[in-house]
Every structure is written in structure tokens, then in C-alpha cells.
1. Could you compute the net charge surrounding Gly119? Neighbours are other residues with a C-beta less than 12 Å from the C-beta of Gly119; K and R count +1, D and E count -1.
2. Could you work out the equivalent-ellipsoid semi-axes for region 81-145, taking the square root of 5 times each eigenvalue of the Cα gyration tensor, largest first, in whole Å?
3. Limiting things to C-alpha atoms, what are the Rg and the maximum Cα-Cα separation (Dmax) for the chain, in angstroms?
4. Net charge within 12 Å of Glu209 by Cβ-Cβ distance, Lys/Arg positive one each and Asp/Glu negative one each, not counting Glu209 itself?
5. Between helix 100-110 and the chain, what is the angle of the helix's C-alpha long axis to the longest principal axis, kept within 0 to 90° and rounded to the nearest 10?
6. What residues have an amide H closer than 5 Å to that of Met120, excluding those fewer than 5 places away on the same chain, when H is modeled at 1.01 Å from N in the peptide plane?
7. Arranged from highest to lowest average of other beta-carbon atoms within 10 Å per residue, in what order do the peptides 155-167, 32-44, 294-306 appear?
8. Name all residues of region 28-46 having a backbone nitrogen under 19 Å from the label point set 7 Å from the Cα of Ala15 along its Cα→Cβ direction, giving them as ranges.
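None of the figures in this text is laboratory data; all of them are computed from the coordinates on show. From a predicted model like this one, the values you see are computed outputs, not experimental measurements. We place every Cβ from the backbone using ideal geometry, glycine too, and count neighbours over all the protein chains shown.
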Amino acid sequence: MGKKVFVDLTHPFGAEIPRWPYFDKPLIDSKHTMAKGGVLTQSICCTMHTGTHCDAPRHVMEREFDGRRARYTHEMPVDAYTGEAVCLEVKIGRWGLIGPEHLEDACKRAGIRPEELEGMVVCLNTGMHRQFDDSKEYYHYSCGTGVEAGKWFVEHKVKCVAMDMQALDHPLHTAMGNNGMTRMNLIGASGKPITEEYIEQFGEEAYAEFDKELYIGLHGKEAYDKKFGDLEAIGCWGTWEPCHKQMLGHGIVGVENLGGDLDKVSGKRFRFYCFPIRWHMGDGSMARCVAEIDEEELNDVPDRTYPYGVF
């Protein structure tokens, strides 16, 4: 074995960090300064789901599939987000919905069988982390997972899934589209709502994956229940963040906005470290994500630089 090195898989944090469309801007202030007090002491106020962060089950649901009240951050095992890992390079187009076929193709290219993923942390490299910015491209038009990917992670009993995207779900499965109590149906680059843009590009049947009423209208209630019924049975809106809920509802935690030098470990196996703040009744937490890997195993790619904002 070669020399072990640590690779940072975390986006830099600061007041101008890109954030999810309706999240507040981090407020960072100095309570003491070197010139006045001889020490530097800073305060911060922000949503804990800013930048690279962990999600706990309670973030998106009241009950897990086994009937228990959805767990808070402090109720998860200390190593819930840490363990032996593999980084799967997912090949998919802009705004694409990641399904089992994409994950199995990525496993094949990484030299790992899906059945070997049991108990492992699975990192997804879709290339979106390279576009991390305050932009429609990163948020509105990201590729992402859905109900079938969520069920695939459950079937293969993975421990944690860390994704280099804006969320554990495709943007149209979130409130950026037409799902959720706070649904925004954001305006896209064309000046039309992103739901309309998606239909124009991919067709109504493809968009139905993200819209409960349309799916039932096109395919019938029986087909909807077959795909989303287990979520509806525990009180969840089936097309609203179904990958989140499939994972978290089965105790598989998630990390969003994975970044840093992810390309250096793409397709590799390593030890993944990620620890949320020990926050009593927390719904998630910002975290530092790091890979420990043999130096000889690193992909020969340049160090990541951040051109946006102050970075």
C-alpha cells in the first residue's frame, strides 16, 4: 500500500456561497477584532443546509417506513455518514433523471458490482460540482435522482449517498418545480416556468415523472401507486423529493453539494469521512467531507479552483 493522503470533497464556505433558491444568505460578523480586542471572534447565522451538508430523516418526513418517528441528526449513529466508499462517475445529460441503468453503468466502469455496495458510502460524480455557482445552470437545470434511484439505493443496502448536485432529488422533484408546500415553479432562462421548458424539451410523458396529477392522468392510479404508493402510504406526496424519502425513510442518509477535488477520486474506492454537528433535534448540518486514499490511486487532474464570488 502506498502513502495515504486526504482529499477535500467540500465546497468552500463563506458569506457569498451559492445557496438553494429560497435559502437565506449567511450572515457573518466579527464580534472581536485583532486591532480592538487582540482576538478574532466571528458569529454566523445561516441555514444548516448551505453548501456541502448532511440531511437527516426528519428534514423531509414525519415517519420512516418502519413506522418510527423520523430521526433527527443526534439520533443517527456517529458514523452514519462515514465508511468505506466508492465514487461512481454517472454519465447523464443536462437535466437528466438518473435511474438504475445509469448507476449500474457507473458501477461497471468503477469495477464494482452493485451487490458489493452493501454498507458502503456511495459518492456520485455527475460533473455538476464543477458548475457550483449562483446560477440557473447549477440549480434549475441540474441532473438528479428520483424514486427509482432511491429504491435502487435501498435495494442494495448502501449506508449513505453523497451527491455532487443541489439536492438528493432532481430539481423538478423539489420546490423549484411544482412540488411541495413551498413550490415555486421557477422561471427558466427562456422566461417560461421550468416545468414548461422541460415539457417542450422532453415531452409531457417524461415530465409526468415529476407531477402526481399528470402521472395519474396519463398512466392511471394503479401505475402511480405501483411507483409511488409506498411513499403515499406513510403520508408523503409521492413526486415530492421521492429519492430523499426513499433513502432517509430507510435509514440511508445523504450528503448534498459534494465538491472540492471530487474528480481526483472519481471511479475509486477510499475511506469517506463526514461528520455533522452533534445537533440535538437537528434536521441536517453543514459538514466537512474528506476522502482518505492511497496517493498512487489518485486521478491525475488539476486541483480544484473556485472562480465564483470571493473564492
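1. Once all neighbours under 12 Å are counted, the net charge is -3.
2. Each semi-axis is √(5λ); the values are 24, 14, 9 Å.
3. That works out to 19.5, 69 Å for Rg and Dmax.
4. Taking every Cβ under 12 Å from that of Glu209, the sum is -3.
5. Approximately 40 degrees, to the nearest 10.
6. Lys159
7. 155-167, 294-306, 32-44
8. Output list for this probe position: 28-37, 39-46.
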